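K.L.:
Structure provided below as C-alpha cells; questions to follow.
Values quoted throughout were computed directly from the atomic coordinates according to the rules given, and no laboratory measurement underlies them. This one's a predicted model, so the numbers in the text were calculated from it and none came from an experiment. Using ideal geometry, Cβ is built from the backbone for each residue, glycine included, and neighbour counts are taken over all protein chains shown.
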Amino acid sequence: MPGYKVHVSGSVVAGALVLLGLVNIGLYVIDPEQVISLFVLCVLGALFPDIDTDSKGKRIFYSGMLLLALSLIYLERFKWAAYLGVLAMLPGISAHRGWTHTWWAMLLVPMPMLILPYYLYGQPFPTLLPYYVAFATGYFSHLLLDRKFI
C-alpha cells in the first residue's frame, strides 16, 4: 500500500485538478489565502484514513490537529476545540482498514465542516462547501490510491 508521501502527493494532484476544473467552469474564483487552507484540508483528508494505525501520516495528521486545537484555544474558541477533539478520537474505535477506508466515511467525516458552522453560527452552505470538497477530495485520492474503488 502507498505510504504517506504518495498519499500527500496524490492529494495535491487531485486537489489541483478539482480546483482547476471548478475555476474552469466558473464555480470557484481563486482566493490565494483560501487556496492554502483548501490544500491543507485536502492533504489532511488524504492522511485521515490511515490514522487508525501507527504511521508517519498519523503523526503528521495529529500534529496538524494539535496546532489547530491550540490555535482555537488561544482564540478562545473552546467549543470548536472540543468538537475537534471528539472528531479526532473517532478513528481510535476501529481496526485498520475498517470504516476509515469506506466511500461513506469519505462523505461523512468532513460533514461537520458543513453542519456545525451552519447550525452554530448561521454560515451559509456555499461559503462552507469548498472546505468540505477539499477534505473529501483528499480522502477520495487516498481511497483511489489504496485501490478501494477498483
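K.L.:
Counting only Cα, what are the radius of gyration and maximum Cα-Cα distance Dmax of the range 33-87, in Å?
P.N.:
When restricted to the Cα atoms of the range 33-87, Rg and Dmax are 11.9, 32 Å.
K.L.:
Taking only DSSP H segments of four or more residues, each worth -39500 (n - 2.57), what value at 222 nm results for the chain once the sum is divided by all its residues, to the nearest 500 deg cm²/dmol? Display every interim value, and only then the final one.
P.N.:
Values: 7 runs with 105 residues, N = 150.
Calculated at 222 nm, the ellipticity per residue is -23000 deg cm²/dmol.
K.L.:
Dimensions of the range 1-106 along principal axes (Cα, Å, largest first)?
P.N.:
Cα spread of the range 1-106 along its principal axes, largest to smallest: 41, 40, 24 Å.
K.L.:
Can I ask one more? What is the extension gain from SER55 to GLU33, computed as 0.36 nm multiplied by their sequence separation minus the C-alpha to C-alpha distance, in nm to one decimal? All intermediate terms of the calculation are to be shown ahead of the outcome.
P.N.:
Values: separation 22, 0.36 × 22 = 7.92 nm, distance 2.97 nm.
Here the segment from SER55 to GLU33 would lengthen by 5.0 nm.
K.L.:
Using the C-alpha gyration tensor of the range 17-63, what are the square roots of 5 times its eigenvalues, in whole angstrom, with the largest one first?
P.N.:
On the way: eigenvalues 160, 25, 6 Å².
Calculated on Cα positions only, the semi-axes equal 28, 11, 5 Å.
K.L.:
Report, in order of residue number, the helices in the chain meeting two criteria: a C-alpha extent of 18 Å or more along the helix axis, and a mean Kyte-Doolittle hydropathy of at least 0.5; treat each whole DSSP H run as one helix.
P.N.:
Working: long enough: 4-24 (29 Å, 1.40); 32-47 (23 Å, 1.85); 56-74 (27 Å, 0.91); 125-145 (29 Å, 1.06).
Correct list, ordered by number: 4-24, 32-47, 56-74, 125-145.
K.L.:
Based only on other Cβ atoms within 10 Å, what is the fewest-to-most ordering of HIS7, HIS142, HIS101?
P.N.:
On the way: HIS7 25, HIS142 28, HIS101 18.
Taking fewest neighbouring Cβ atoms as first place, the list is HIS101, HIS7, HIS142.
K.L.:
If you don't mind, there's one more thing I want to ask. Counting every Cα pair in the range 45-149, what percent are over 18 Å apart?
P.N.:
Working: 2811 of 5460 pairs.
Value for the range 45-149: 51 percent of Cα pairs lie more than 18 Å apart.
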